[in-house]
Amino acid sequence: MYSICGSMEDALHLFNRLQAPDVVSWSILIRCCSQHGLIGEAFKVFEEMCLSGIELDEATYVCILQICSQRLGLEQVKDVHNLIIDEGLESNLSIGNTLVDVYAKIGNFEDAQSVFDRLSHRDVVTWNALIAAHSAHAHHQKALLLFETMQQEGVEPNEVTFVSIFKSCSDMSALSKGKKIHSLFLKKGLQLDAFSCSALIDMYMSCGSLEDAQAIFECSPVQQIAPWNALLAGYAQHNQYQLALECFEELCHGGMQPNDITHMSFLSCCSHAGQIDCGVRHFKHMRDVGINITIEHCNLVVGLLSHAALFDEAEDMLECLQFPANIVGWTSFLAACRKHGNVESGRRCFNVLSLLDKLEKTDTCYYSLMASIYKKAGMWDNAESMDDLRKSTNLWKKPAKSYIEVNDTIHEFTVADSEHDRINDISAKLKSLSLIMREDGYTPYLDSEFNHSEKLAIAFGLISQPAGTTIRVVKNLRVCDDCHDAAKAISKLELREIIIKDSYHVHRFRHGSCSCKDFR
C-alpha cells in the first residue's frame with residue numbers, strides 16, 4: 001500500500017502508525033523511497049531496519065542492492081555484501097545474481113567474478129549479468145569468451161544473452177562472428193522481439209551491411225518503435241539522409257508515435273549529412289508541438305550548426321541552454337573548431353570546458369582537440385604548451401584502440417603498437433603504401449604517419465585477407481583527419497572497400513572517397 005501513496009509523507013505516516021512493522025513493511029518503505037527518487041533516504045531506512053533487529057529476507061537484500069547500483073557507490077554495496085556474508089546468504093542464487101549484477105554494473109569486475117565463482121549453482125541470469133556488464137564496459141573479448149563458456153557448462157543462452165553478444169559484435173564490427181551467432185540464435189528457435197531485433201539491426205549497420213539490417217527490420221514486430229529507431233540510427237551512421245527521411249515519414253504515416261530516441265536519430269542523420277535547414281526545421285517543429293526537448297537533441301543541433309561553420313549560432317545556443325555542465329555539446333563545438341581551423345572560438349570553448357572540468361570529472365579529449373587546432377594553425381608553441389598543461393594536470397585522454405576481424409579472430413591495435421605477431425609485416429606494408437601515396441599527392445601528418453591504430457589495423461587487413469575483400473575496422477574514438485585521408489587514398493590504390501566505424505560514423509571508403517563526404 002505504501003508504494004501507491006501519493007507522497008512520501010503519506011507513506012511515512014502510515015508506516016509510523018504500525019506498532020510492530022515487519023520485514024515486508026520495512027521493505028515496501030525502502031522501495032517507496034526508491035520509487036520517489038530518494039535513494040539516500042532508502043539506504044537510511046535500510047540501516048534503521050537493520051538496527052531494529054528485524055531479520056532481513058532475500059527480497060530485502062535484492063531490493064537494497066538494486067538501489068545501491070542506481071546512485072550509491074561501492075562502499076554501500078560492500079556494506080550490504082558483508083551483512084549478506086554474516087547471514088550466510090551469499091550462496092542464495094537470487095542474492096548472488098544480484099551481487100554479480102551490481103558489482104559488474106559499477107565496474108568492479110574483480111568482486112563480481114569472485115561472487116560468480118563462489119556460487120555453487122549458476123543459471124542463465126547469473127551468466128547474463130556478467131556478460132552484459134562486460135559488453136557494456138567494452139570488454140567484448142571477455143563477453144564472447146563467457147558466452148562460449150556458459151554453453152560449454154550446459155547453460156542455454158536466452159534472448160537477453162544474445163542481445164549483449166550482438167552488441168559486442170556490433171562494437172567490434174565483427175561481421176563474420178556476428179552472422180554465426182545470429183545463425184545460432186535462429187537454430188535455438190529463439191524469437192525476434194523488439195530488443196533482439198534492434199540489437200541485430202545495430203550490429204549489421206555497425207558492420208556496414210545495410211542489406212542485412214534492412215532484412216532484419218522487415219521481420220521485426222511492426223508495432224514496436226525500437227526497431228524503427230535502430231534503423232534510423234543506422235542510416236544516420238551511414239550518412240544515408242534520404243533513406244532516413246523516407247523511414248521517418250513512413251513511421252509517422254503508419255501511425256507510430258516517435259519518441260525521444262526517434263527524434264535524436266533523425267536529428268543525428270541531418271547533422272551527419274550536413275542537412276542544416278531540415279535539421280533546424282525539425283528541431284523547431286519539435287519545440288512548437290510541445291515535444292520534450294532533451295540535452296541530447298540540443299547537442300545534435302549544436303553539432304549541425306558548428307560543423308557547418310555557423311559558429312555564432314551554435315555558441316549562442318550553447319550559452320542559452322538551461323542544462324548544467326553540457327560537456328558533450330561544448331566538446332562537439334570544439335571538434336568543429338578544429339575542423340574549420342577556428343582558433344578564437346576554440347579558445348573560448350576550451351575555457352568553458354576547463355571550468356566544467358572543475359565541476360565534474362570529464363573526458364580530457366578537449367586538451368588534444370585544442371592542441372590540434374593550434375597545430376593546424378601552425379601555432380606550434382601553443383600546441384606544445386597545451387600538451388604540457390595536460391601532462392602537468394595528470395590528465396590523459398582515452399587511449400585509442402582499433403579492432404579488425406580476420407579468420408574469426410578479433411585483433412586489437414593501439415597507437416604505436418609493437419606487440420602484434422606481424423608488426424614487422426604491417427610496418428613494411430605501411431611504408432610501401434606511404435611511398436606510393438605521396439607520389440599520388442597524399443601528405444601525412446608527421447606525428448601520425450605509421451603509428452595510429454586504425455592505420456595498423458587497415459594494413460593488417462590488407463596483408464591478411466584475400467584481394468578484393470572488404471576491410472572492416474572499428475575504432476573506439478573518432479578517426480583522425482590524417483587516417484581519414486589515408487583510408488581514402490588506400491581504398492583507391494588497393495581497389496578495396498574499407499569500412500571504419502568510429503564513435504560518430506560508419507565511414508565507407510571506395511575509389512578514393514568516403515560516404516561521409518568529409519562532413520565529420
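The values are calculated or read from the model by the stated rules, or taken from the named source; none is laboratory data. None of the values given here were measured: they were computed from a predicted structure. Reconstructed Cβ throughout: ideal geometry from the backbone, glycine too, with neighbour counts over all protein chains shown.
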List the residue pairs whose Cβ atoms are under 6 Å apart, where the first residue sits in the range 376-397 and is under 25 Å from Asn476 (Cα atoms), the second is modelled with pLDDT under 80 and of a type outside the set (A, V, I, L, M, F, W, C), and the two are 6 or more positions apart or on different chains.
Leu395/Thr364; Lys397/Thr364
Pick out the one residue from Lys501, Lys492, Lys475 that is more than 18 Å from Pro399 (Cα to Cα) and either in contact with a His (Cβ under 6 Å, 6 or more places away or on another chain) or basic (Lys, Arg) (or both).
Lys492
Of the residues that make up the range 315-330, is at least one modelled with pLDDT of 90 or more, surrounded by fewer than 21 Cβ atoms within 10 Å (Cβ to Cβ) and more than 27 Å from the chain's Cα centre (by Cα)?
yes
Could you list all residues from the range 259-286 that are surrounded by fewer than 19 Cβ atoms within 10 Å (Cβ to Cβ) and either outside the structural domain of Ala236 (by TED's automatic domain parsing) or outside any helix (DSSP H, G or I) (or both)?
Asn259, Gly274
Within the range 132-175, which residues are closer than 25 Å to Gly234 by Cβ, more than 14 Å from the chain's Cα centre (by Cα) and among the small types (Gly, Ala, Ser)?
Ala143, Ala174
What is the number of the single condition among (1) part of a loop (DSSP other than H, G, I, E, B); (2) closer than 13 Å to Leu245 by Cα that Ile291 does not meet?
(2)
State whether the residues of the range 503-513 include one that is aliphatic (A, V, I, L, M) and over 23 Å from Lys376 (Cα atoms).
yes
With the condition kept exactly as written, say whether any residue in the range 449-472 is closer than 21 Å to Tyr367 by Cβ and at pLDDT below 90.
yes
Within the range 44-62, is there a residue that is closer than 25 Å to Glu159 by Cβ and either among the hydroxyl-bearing types (Ser, Thr, Tyr) or touching a helix residue (DSSP H, G or I) at 6+ places or on another chain (Cβ under 7 Å) (or both)?
yes
Sort through Ile131, Ile216 and tell me the only one that's more than 28 Å from Thr469 (Cβ to Cβ) and in contact with a Leu (Cβ under 6 Å, 6 or more places away or on another chain).
Ile131
Of the residues that sit in the range 385-409 and are at pLDDT 80 or above and part of a loop (DSSP other than H, G, I, E, B), which one is farthest from the chain's Cα centre (by Cα)?
Asn407
Just to be sure before I move on: is Ser306 buried (at least 17 other Cβ atoms within 10 Å of the Cβ), in contact with a Phe, Trp or Tyr (Cβ under 6 Å, 6 or more places away or on another chain), assigned to a helix (DSSP H, G or I) and small (Gly, Ala, Ser) in the structure I sent?
yes
Does Arg390 satisfy being touching a helix residue (DSSP H, G or I) at 6+ places or on another chain (Cβ under 7 Å) and not assigned by TED's automatic domain parsing to the domain that holds Asp485?
yes
Sort through Ala194, Ala215, Ala226 and tell me the only one that's closer than 24 Å to Arg508 by Cβ and either of a type in the set (S, T, N, Q) or surrounded by fewer than 21 Cβ atoms within 10 Å (Cβ to Cβ) (or both).
Ala215
